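> What follows is a structure written as structure tokens; I'll ask about it next.
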Amino acid sequence: MLTRKIKLWDINAHITCRLCSGYLIDATTVTECLHTFCRSCLVKYLEENNTCPTCRIVIHQSHPLQYIGHDRTMQDIVYKLVPGLQEAEMRKQREFYHKLGMEVPGDTKGEACSAKQHLDSHRNGETKADDSSNKETAEEKQEEDNDYHRSDEQVSICLECNSSKLRGLKRKWIRCSAQATVLHLKKFIAKKLNLSSFNELDILCNEEILGKDHTLKFVVVTRWRFKKAPLLLHYRPKMDLL
């Protein structure tokens with residue numbers, strides 16, 4: 001079977017950020033036109049603009065940051081195509097937190113190593129074919145890890161009710177993937193409070209309403225700078241006034 005080799009140079013235009021000309025990091029896509037940029041580059045650009053840097057279409061007249069979203073698929077593609085990029089980025093993040101004297105969030109190096117050893121043992125045939133119970137347990141664990149993003153950077157959150165019209169959560173402390181969005185939190189709270197729709201909720205950080213497509217990592221970096229964990233978020237009915 002003939003295979004065609006494609007040089008990385010030939011596809012650079014599709015996996016680089018138009019704003020910084022580097023490979024996409026924390027890839028973020030404009031929902032209006034589907035053009036993708038590094039999140040930090042796009043956020044900085046939208047502080048003074050409301051149009052897409054590529055096609056100049058108006059994202060939103062007043063709140064363009066609410067109409068961009070993390071593109072996990074694109075980021076996974078970039079990390080797989082560019083050797084060493086993900087490792088280099090993780091190293092830079094760790095060095096950044098260490099320089100500030102802060103704890104590195106979501107340091108799951110030990111879990112990643114355990115998962116790798118587990119997969120290697122299966123490839124080497126170390127698992128006995130007749131040991132079905134162990135095999136099922138291993139498969140369940142692998143599926144669980146894949147489904148719940150436990151290898152992602154983690155964020156600790158405190159969810160406080162900011163209105164007398166809603167009750168507080170019994171367990172207001174949660175820890176989840178930094179790639180989870182505000183929309184995920186809305187759905188979580190609505191389910192816990194038995195609300196008819198998650199659209200009835202607003203989630204705020206520092207008294208500012210967060211866009212539904214904002215990832216928790218984005219909220220930490222832009223709204224919770226240099227503050228210690230956990231990330232404090234408030235929720236309230238949508239039309240309720242503070």
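> Has region 63-74 got any residue that is surrounded by 16 or more Cβ atoms within 10 Å (Cβ to Cβ), over 20 Å from Ile209 (Cβ atoms) and either of a type outside the set (Ser, Thr, Tyr) or outside the structural domain of Val221 (by the TED database) (or both)?
Checked against the condition, which is being surrounded by 16 or more Cβ atoms within 10 Å (Cβ to Cβ), over 20 Å from Ile209 (Cβ atoms) and either of a type outside the set (Ser, Thr, Tyr) or outside the structural domain of Val221 (by the TED database) (or both), region 63-74 yields at least one hit.
> Filter region 30-54 down to the residues that are touching a residue at least 40 places away in the same chain (Cβ under 8 Å) and either over 18 Å from the mean Cα position of the chain (by Cα) or buried (at least 18 other Cβ atoms within 10 Å of the Cβ) (or both) and list them by number.
Arg39, Val43
> Tell me which residues, restricted to region 1-43, are assigned to a strand (DSSP E or B) and small (Gly, Ala, Ser).
Answer for region 1-43, where residues must be assigned to a strand (DSSP E or B) and small (Gly, Ala, Ser): just Ala27.
> Between a first residue in region 1-29 that is in contact (Cβ under 8 Å) with a residue 24 or more places away in the chain and a second residue that is open to solvent by 20 Å² or more (accessible area, probe 1.4 Å) and in a loop (DSSP other than H, G, I, E, B), which pairs have beta carbons less than 8 Å apart while being 6 or more apart in sequence or on different chains?
Matching pairs, first to second residue: Cys17/Ile25; Arg18/His35; Arg18/Thr54; Ala27/Asp71; Thr28/Asp71; Thr29/His35; Thr29/Asp71.
> Still on this structure: Among the residues of region 61-75, are any in contact (Cβ under 8 Å) with a residue 40 or more places away in the chain and hydroxyl-bearing (Ser, Thr, Tyr)?
Yes, because at least one residue in region 61-75 is in contact (Cβ under 8 Å) with a residue 40 or more places away in the chain and hydroxyl-bearing (Ser, Thr, Tyr).
The values are calculated or read from the model by the stated rules, or taken from the named source; none is laboratory data. As the structure is a prediction and not an experimental result, all values here were calculated from the model. Counting neighbours? That spans all protein chains shown, and the Cβs are built from the backbone with ideal geometry, glycine included. All accessible areas refer to the heavy atoms of the entire protein, side chains included, with ligands and DNA or RNA removed. Shrake-Rupley method; radii C 1.70, N 1.55, O 1.52, S 1.80 Å.
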